[in-house]
Every structure is written in structure tokens, then in C-alpha cells.
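See below for the structure under consideration.
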Amino acid sequence: MSGGQDRAVLVTGASRGIGAAIARAFASGGDRVAVHFGQSRDEAERVAASLAGLGHCVVGADLADAAAIRRMVDDAADRLSGLDVLVNNAGVFRPHPITETSYKDWQRAWEETLRVNLLGAANVSWCAAQHMITSDGGSIVNVSSRGAFRGEPKQAAYGASKAGLVALGQSLARALGPHGISVTSVAPGLVETDMAAENLAGELGEQRRAESPLGRIATPEEVAAAVVFLASAEAAMTSGAVLDINGASHLRM
């Protein structure tokens with residue numbers, strides 16, 4: 001992977017929110033970005049059109065479909081003339097509190113969540129790694145969650161998938177290091193996105209912001225800045241690390 005910019009970057013789930021901010025941050029630094037979407041092609045096209053610089057593209061795939069993932073990653077690598085950075089950002093969030101959810105719905109929530117958030121990320125990583133191994137190395141950054149460490153009582157599958165994503169990243173850091181590929185994770189708390197809007201409205205929003213001694217939650221741009229740093233050549237020795245981005249709302253050793 002080049003120490004400078006003009007890298008080929010694939011960001012999954014980049015049609016909105018954190019993923020869109022990550023795509024914009026890489027593009028602003030001079031990189032070429034493949035904006036991945038699962039269903040929202042129009043939104044992904046708008047994000048791609050907003051990116052600074054040239055050479056960007058839009059790629060689509062259902063991350064629950066292994067064959068579609070391989071086609072998508074190969075397409076991104078072909079259109080970007082390689083692949084230097086992968087950001088596993090895409091994820092689904094399905095509330096399913098165990099005391100209020102039927103057994104059938106509980107199973108469905110776990111299957112849908114793990115297929116995208118964990119198995120999908122694992123499959124994207126395998127496909128991307130094949131391109132990085134045959135070039136000059138690269139970087140993989142996983143977008144996990146504070147919920148991986150503090151628990152998610154109303155969406156256990158989400159918390160488990162994000163904890164699994166951290167473990168996947170650490171395993172890949174060991175496996176891919178000899179090929180010059182670093183693998184790291186970020187673990188944001190709540191972030192100012194459309195997905196979090198319901199949790200940030202009114203009195204509940206005040207309570208959630210008060211969880212941090214800073215009195216606020218992170219912006220998508222703050223998460224993006226951390227991802228761009230971890231993907232840089234200067235951060236290669238952080239491989240295997242997890243960076244918390246939650247304003248000290250949850251602390252761990």
C-alpha cells in the first residue's frame with residue numbers, strides 16, 4: 001500500500017450516515033472510492049457525485065449473498081484499478097428484546113443480523129484480501145460498536161455481531177500481517193445519523209448525550225477521521241487494535 005494518497009478504497013454501506021462520511025473523508029484526501037450500497041442505489045449515486053476528486057464508482061451487493069459479494073468486490077477492484085483499503089461499515093440493526101420477541105422472530109433477527117454484520121463482513125474481507133495480497137498490501141478497518149463491549153439488551157444479535165467483528169479483525173490482523181495488510185477496528189457509541197434519530201429526540205436524546213462527560217455524541221465526520229487515520233501507512237503498527245469513539249460514555253480496560 002502506498003504511503004501517499006490516491007489509494008483505491010472500498011467502503012461498504014456508504015450510501016448514508018457514517019459510511020458516506022467515511023467515503024467523503026477518503027476522497028477529500030485524494031483517494032478513489034467505491035461507494036457500496038445494499039438497496040439504496042440512488043442515495044449511493046448522490047454520495048459518489050458529492051465526492052471530491054475523480055475516479056470514484058458505485059457498486060451494489062446484498063451482503064447476505066456470498067456470490068454477490070465476490071462480484072461486487074472484484075468489480076470495485078477492476079473499476080478502481082486495484083484495492084488498497086477496505087472499510088467494513090455496512091450493518092443492520094433489528095431490535096428484538098428477548099422478553100418481548102417470539103421465538104420465530106428471535107431466530108429471524110439473529111440470522112439476518114449475523115448474515116450481514118458478521119458473515120457478510122468476513123466474506124467481503126476474504127475477497128478484498130485476495131486483491132491486497134497480490135499487490136503491495138493494504139488496510140482493513142472494521143466499524144464495530146460500543147455495544148460489542150457493554151452489551152445490547154434490546155438487540156443482542158447486533159451486540160454479538162459487533163463483538164464478533166472485533167474478534168474477526170484481530171484474527172485477520174494476525175493472518176494478514178505477513179502480507180503487509182493491517183486490520184483494525186473502531187467502536188463508536190451513538191453517532192449523529194438518521195439511524196440514531198429516534199434515540200436522540202427529546203428527553204431520551206438528552207439522556208443519551210449525557211452518557212458522555214463531554215455532553216454530546218460523535219459526529220459521522222469524527223468517526224471517519226479515525227477510520228482514515230487507521231487506514232494510513234503511519235498507523236500500520238496499530239494493527240489488531242480497537243479504537244473507542246464514544247466520548248468516555250463507556251470505558252474498558
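The values are calculated or read from the model by the stated rules, or taken from the named source; none is laboratory data. Since the structure is predicted, the reported quantities are computational estimates derived from the model, not experimental observations. Every residue, glycine among them, receives a Cβ derived from its backbone with ideal geometry; neighbour counts consider all protein chains shown.
So that you can scan it fast, the table gives a plain yes or no per residue for (1) in contact with a strand residue (DSSP E or B) (Cβ under 9 Å, 6 or more places away or on another chain); (2) within 16 Å of residue 92 (Cα to Cα); (3) buried (at least 22 other Cβ atoms within 10 Å of the Cβ):
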| residue | (1), (2), (3) |
| --- | --- |
| 149 | yes, no, no |
| 157 | no, yes, yes |
| 167 | no, no, no |
| 174 | yes, no, no |
| 186 | yes, no, yes |
| 192 | yes, no, no |
| 204 | no, no, no |
| 207 | no, no, no |
| 217 | yes, no, yes |
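Within the set of pairs 6 or more residues apart or between chains, which connect a residue that is on the phi < 0 side of the Ramachandran plot inside the range 87-107 to a residue that is modelled with pLDDT under 95 and not charged (D, E, K, R) with Cβ atoms less than 7 Å apart?
That search, which allows pairs on different chains as well, returns 93/195.
How many residues are in a loop (DSSP other than H, G, I, E, B), among the aliphatic types (A, V, I, L, M) and within 20 Å of the chain's Cα centre (by Cα) when one looks only at the range 203-253? Let's see the steps before the verdict.
Of the range 203-253, the ones in a loop (DSSP other than H, G, I, E, B) are 211-217, 219, 231-232, 239-241, 246-253.
Next cut, among the aliphatic types (A, V, I, L, M) only: 214, 217, 231, 241, 248, 251, 253.
Now restrict to residues that are within 20 Å of the chain's Cα centre (by Cα): 217, 231, 241.
Residues meeting the conditions: 3.
Would you mention how many residues in the range 13-28 are aliphatic (A, V, I, L, M) and touching a Phe, Trp or Tyr at 6+ places or on another chain (Cβ under 8 Å)? Reasoning before the result, please.
Residues of the range 13-28 that are aliphatic (A, V, I, L, M), as a first pass: 14, 18, 20-23, 25, 27.
Cutting the leftovers down to touching a Phe, Trp or Tyr at 6+ places or on another chain (Cβ under 8 Å) gives us 14.
Summing the residues that are aliphatic (A, V, I, L, M) and touching a Phe, Trp or Tyr at 6+ places or on another chain (Cβ under 8 Å) in the range 13-28 gives 1.
Only one of these conditions is not met by residue 97: (1) buried (at least 21 other Cβ atoms within 10 Å of the Cβ); (2) over 27 Å from residue 237 (Cβ atoms); (3) touching a Lys or Arg at 6+ places or on another chain (Cβ under 6 Å). Which number is it?
Status for residue 97: all satisfied but (1).
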